[in-house]
Ligand code: NDP
Ligand code: MG
């Protein structure tokens, strides 16, 4: 039987990596649905290759264009995720990957869980803001979950269902991004080009900027806390520019496990698709030179002030996470639109998290997606009024 697959955000960096893995297994997979926001040209190439019958294009203008161009083809073209009921049947999908960027990925995650036996989530913003809602749906529909962010995939593999009380410490690694050794006096003049040039990972624009500010690691600590239900004090970051080790877990029985794999997202995605050695992947030999030179270092909060956000986080799930994700998203876009400087992103973030009117959200648990999206909308408007 063919594996039935859905890719949300198939035109992005994670989406295309997933597509490339599936191309090597074309005869054994059936793609039920692909989605994109704007990039219909890439989407239609994928549709053609895999003979996909259903697509969602969320951007209205591009949706209208695609409807016109492809009106005589046997493809169902939809504009939003309310159409999932028309496309999928309950639990008829074997594997879904959410590779959408930003908080927009939360709604489709919540809506698709009932249709799929397994969901792999790369979309960290959805996990950070809406984990209690996601967890509810996973339990309700008995859907399996695998994190795809490489550090979290590594932790997930290492702990292999060990209870969180038996874990003493988790380290996630950080490459340090493009500015790990950059002279501090030049930070003020960092350009988009500098910031988008990641030394070891090839990723989408938003996450590349988050890696440069280290906001990505702030997100990953929150993400790990939620997924593995573990206290913040048990989670730390280690700078490791070779990006060979992705996570280290120390257990209560004295054992410490380390997970190593080549620096690419193919390995976590491949393993989320084909569990238990279902398929073989080509990978490099163990690199003893890298192993002999792991060079772990503590993170430098002076160089990466965004890391100070970690000292201001509530221990319980809260709407404060939505404020952090939305503010950062907005600020990253402002930097990409050349409206603010690179250093302004972290500076503004540290101010925003201290705003009195936002502090109350640390004690409010997210109860619905509407609550999250309304707050996100409000924060987004609020940031427009700030002088950064
Ligand atoms: P990209 O920006 O490369 O791709 C994003 C995808 O989401 C595209 O298909 C895009 O469509 C679609 N999309 C964008 N906005 C919307 C929207 N409003 N509604 C619906 N779909 C939308 O991102 P990445 O692949 O880099 O990252 C995806 C997620 O995975 C992020 O949350 C990121 O943090 C996480 N992640 C990424 C890693 C990486 O190596 N890239 C590593 C670990 C985690 P279109 O192309 O049409 O714009
Ligand atoms: Mg990561």
Inset, instruction - Just give me the residues in segment 351-369 being under 21 Å from the mean Cα position of the chain (by Cα) and surrounded by fewer than 12 Cβ atoms within 10 Å (Cβ to Cβ), in sequence order. - result: 368
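Residue-wise test of (1) surrounded by 19 or more Cβ atoms within 10 Å (Cβ to Cβ); (2) part of a helix (DSSP H, G or I).
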{"position": "311", "(1), (2)": "no, yes"}
{"position": "314", "(1), (2)": "no, no"}
{"position": "318", "(1), (2)": "yes, no"}
{"position": "325", "(1), (2)": "yes, yes"}
{"position": "334", "(1), (2)": "no, yes"}
{"position": "349", "(1), (2)": "yes, yes"}
{"position": "374", "(1), (2)": "no, yes"}
Legend entry - Residue check, residue 159 more than 15 Å from ligand 1 (Cβ to nearest atom) and in contact (Cβ under 8 Å) with a residue 12 or more places away in the chain: yes
Legend entry - Yes/no for residue 216 being under 26 Å from residue 300 (Cβ atoms) and surrounded by fewer than 20 Cβ atoms within 10 Å (Cβ to Cβ): no
Inset, instruction - Can you work out which of the residues in segment 376-388 that are assigned to a loop (DSSP other than H, G, I, E, B) and surrounded by 11 or more Cβ atoms within 10 Å (Cβ to Cβ) is modelled with the lowest pLDDT? - result: 388
Legend entry - Per-region count, segment 302-321, residues more than 16 Å from residue 210 (Cα to Cα) and under 20 Å from the mean Cα position of the chain (by Cα): 5
Legend entry - Residue, nearest to the chain's Cα centre (by Cα), within segment 263-274, restricted to residues that are at pLDDT 95 or above and part of a loop (DSSP other than H, G, I, E, B): 265
Legend entry - Selected residue (only one of 226, 217, 233 is at pLDDT 95 or above, on the phi < 0 side of the Ramachandran plot, part of a helix (DSSP H, G or I) and within 12 Å of ligand 1 (Cβ to nearest atom)): 217
Legend entry - Within segment 91-167, helices (runs of 4 or more DSSP H) holding 1 or more residues that are closer than 24 Å to residue 364 by Cβ and out of contact with any helix residue (DSSP H, G or I) (no Cβ under 9 Å at 6 or more places or on another chain): 124-141
Inset, instruction - State whether one or more residues within segment 180-188 are free of Cβ contacts under 8 Å to residues at least 12 places away in the same chain and either part of a helix (DSSP H, G or I) or within 14 Å of ligand 1 (Cβ to nearest atom) (or both). - result: yes
Inset, instruction - For segment 231-244, indicate whether the set of residues that are surrounded by 12 or more Cβ atoms within 10 Å (Cβ to Cβ) and within 14 Å of residue 152 (Cβ to Cβ) is non-empty. - result: yes
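The values are calculated or read from the model by the stated rules, or taken from the named source; none is laboratory data. What you see is a predicted model, and the numbers here were worked out from it, not measured in a lab. Glycine gets a Cβ as well: all are built from the backbone with ideal geometry, and neighbour counts include every protein chain shown.
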